[in-house]
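Have a look at the structure below, then the notes.
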Amino acid sequence: MVRFTAVGLRYPSPDGRPGPEALADLTFTLPEGSFTWLLGASGAGKSSLLRLMHLAQMPTRGEMEVLGTLIRPERRGSLPALRRRIGVVFQDFRLLPYLSAYDNVALPLRLAGRSESSLRPDVTEMLRWVGLQGKEGALPQQLSGGEQQRVAIARAVVTRPALLVADEPTGNLDSHQARRLLALLTQMNRLGTTVVVATHSEELVRQFPAPALRLDQGRVAHHG
Ligand SMILES: Nc1ncnc2c1ncn2[C@@H]1O[C@H](COP(=O)(O)OP(=O)(O)O)[C@@H](O)[C@H]1O
Ligand SMILES: [Mg+2]
């Protein structure tokens, strides 16, 4: 499903030369259908690792296999199709502010060329699944943080991705909303989606026990 072998990532430093490795020697496998916590202190490399996983960033060394496809930086042309099978949720939601909840969730389906009549049932079902029936017409600013994050989840999964990655998705939520969000993520996982969630909330990890991949200064400190 996701397999990293000796993967490293170096960002350029401000003078344009290669900087130090933000990620080094990452070797691990996430089985199909697994739920994995991604843990580690701020700066440990969680967001960088997730960006590699959802193909927003190419590694500078090593080998990466995502959804059964070997990632080759020199063959970037094939990445958009693969990316469409990966859902992403960010800490700051990243909803489009001028689009309603409905239109935010419909967006990936419209971009994929789906007709209005065929996407409507999917969008409506997803908004109901996250408990936002009746709020279809609301703009993001008219929704609470927890509601906005549930729109973001609906948008991430409306295309039925095989892999869902979430980068500190509860970082801007209170503990009640955080638990509610995790219940949705674990439900998605039980339906077959492979899920990876970065967090530094030990409380949340205790409430939803699952295998964890722990990073320490860009390296895997523990997996299991
Ligand atoms: N776009 C970037 N350019 C340069 N360095 C970066 C960039 N993004 C992250 N880094 C560096 O990579 C390391 C890991 O950061 P990050 O992946 O954001 O960690 P985390 O999400 O665990 O807080 C940090 O040293 C950070 O400064
Ligand atoms: Mg981060």
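Since every read-out is calculated from the coordinates, none of them should be taken as a lab result. As the structure is a computational prediction, the values presented were derived from the model and not from experiment. In this analysis, Cβ positions are derived from the backbone assuming ideal geometry, glycine residues included, and neighbour counts consider all displayed protein chains.
Below is a table of values for the structure above.
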{"read-out": "Which of Pro140, Tyr98, Pro121, positive extreme of dipole for region 96-160 (C-beta unit charges)", "value": "Pro121"}
{"read-out": "Relative contact order computed over the chain (Cα-Cα under 8 Å; 6+ residues apart), in percent", "value": "30 percent"}
{"read-out": "Tilt relative to the chain, helix 101-111 - C-alpha long axis, 0 to 90 degrees, to 10", "value": "60 degrees"}
{"read-out": "Two-site FRET efficiency, Asn172 against Arg72, from Cβ-Cβ distance with R₀ of 35 Å, rounded to 0.05", "value": "0.45"}
{"read-out": "Relative intensity, log₁₀ I(q)/I(0), of the chain from a Debye sum that treats every alpha carbon as a point, q = 0.09, 0.17, 0.18 Å⁻¹", "value": "-0.37, -1.24, -1.35"}
{"read-out": "Ranked packing of 202-209, 73-80, most packed first, by mean Cβ within 10 Å", "value": "202-209, 73-80"}
{"read-out": "Residues with amide H under 5 Å from that of Tyr11, placed H, sequence gap 5 or more", "value": "Gly19, Ala22"}
{"read-out": "Angle in degrees between helix 175-190 and the longest Cα principal axis of the chain, rounded to the nearest 10", "value": "80 degrees"}
{"read-out": "Label-point gap, in nm, between Gln207 and Asp25 - each point 7 angstrom along Cα→Cβ", "value": "3.7 nm"}
{"read-out": "Mean separation of Cα contacts under 8 Å (6+ apart) over length of region 96-160, as relative contact order %", "value": "51 percent"}
{"read-out": "Backbone N within region 1-31 under 18 Å of label point (7 Å from Thr60 Cα along the Cβ vector)", "value": "5-27"}
